[in-house]
1. Please specify each residue of the stretch 3-49 satisfying the condition of being crowded, with 24+ Cβ neighbours inside 10 Å and over 25 Å from Arg152 (Cα atoms).
2. Which residues, taken from the stretch 41-53, are of a type in the set (A, V, I, L, M) and either in a helix (DSSP H, G or I) or under 11 Å from His95 (Cβ atoms) (or both)?
3. Within the stretch 11-40, count every residue that is touching an Asp or Glu at 6+ places or on another chain (Cβ under 8 Å), farther than 22 Å from Thr139 by Cβ, assigned to a loop (DSSP other than H, G, I, E, B) and of a type outside the set (Ser, Thr, Tyr).
4. Specify the residue that is modelled with the lowest pLDDT; the eligible residues are those in the stretch 198-208 that are touching an Asp or Glu at 6+ places or on another chain (Cβ under 9 Å) and of a type outside the set (Lys, Arg).
5. Out of (1) in contact (Cβ under 8 Å) with a residue 24 or more places away in the chain; (2) small (Gly, Ala, Ser); (3) more than 23 Å from Thr134 (Cβ to Cβ), the odd one out for Ala161 is which?
6. Looking only at the stretch 115-142, which residues are outside any helix (DSSP H, G or I), within 23 Å of Ser12 (Cα to Cα) and of a type in the set (A, V, I, L, M, F, W, C)?
7. Could you tell me whether Asp87 is at pLDDT below 95 and charged (D, E, K, R)?
Amino acid sequence: MTFTVMAACPDSRRIGVGIATYSLAVGGYCPWIDGTMGAISTQANVNLKLGPLGMSLFKLGFAPQKILAEFESDDPQFSYRQVGIVDRNRRAVAHTGPDARDWKGHRCGDGYLTMGNGLVGPQVIEAMAQAFETSAGETLDERLLRSLEAGRDAGGQGDPADGHRPERSAGLHIYHGEPYAEMDLRVDVHPTAIEELRRIHTAYKPYIPYYELRHRDPEHTPAQHQWVREMEEKLLRGE
């Protein structure tokens, strides 16, 4: 029971995944990303082998559609899986197995995809796609987060008997041309995980330039408390 948005930004060349689910610690086992190659998310009845296998196939130069074909040939229970793949060339493909939990489905757009299983209906992934498309011009992290929020607001996970099931974990993962993350935010256990993810994102994002400076130029990086004080003073001056 998971809904996911994945995309490659044509302007910034960033690749990212936003994901939310009733299960716990989803950011730790569903998404696999390398900013030099692409992103994979394996969900529904997760096959933990598919993430590392897909990364290895990316390194061999396999296109997303070919990676999906290799997954199917390697996994005798592929009909229970849901998988999305987006590469750095903005090719997006997905698989939704017929034995995954209803409602399940996916939508592939221009450089992005939305997918989910155990949802209240197709309106969830449609709302996610619309939110992603209508937020063009925003940063990729913001677009993915808005897409998750739209999926939640469209009903998210659940069924007619039980209604909506809460999102108890969520993740927002952004890579920028490197094998390591620029932003890797996770909510592992929380009764309203998407709201908590938004709160963490708001708090964390202003610090990205500092962490980048610490990585690139440690000699000229001030202590973090000093940098925070300087940032707060700039905000007070309206800079």
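The values are calculated or read from the model by the stated rules, or taken from the named source; none is laboratory data. Here the structure is a predicted model, which means the values were calculated and not measured. Glycine also receives a Cβ, built like all others from the backbone with ideal geometry; neighbour counts cover every protein chain displayed.
1. Residue satisfying the conditions is Gly38 alone.
2. Within the stretch 41-53, Ala44, Leu50, Leu53 meet the criteria.
3. 2
4. Ranking the candidates gives Ile208 first.
5. (1)
6. If the condition is that a residue be outside any helix (DSSP H, G or I), within 23 Å of Ser12 (Cα to Cα) and of a type in the set (A, V, I, L, M, F, W, C), then Ala136 is the only one that fits.
7. It is false that Asp87 is at pLDDT below 95 and charged (D, E, K, R).
The rows are residues; the columns are (1) part of a helix (DSSP H, G or I); (2) among the aromatic types (Phe, Trp, Tyr); (3) under 30 Å from Gly105 (Cα atoms).
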position	(1), (2), (3)
Glu167	no, no, yes
Asp184	no, no, yes
His201	yes, no, yes
Lys234	yes, no, no
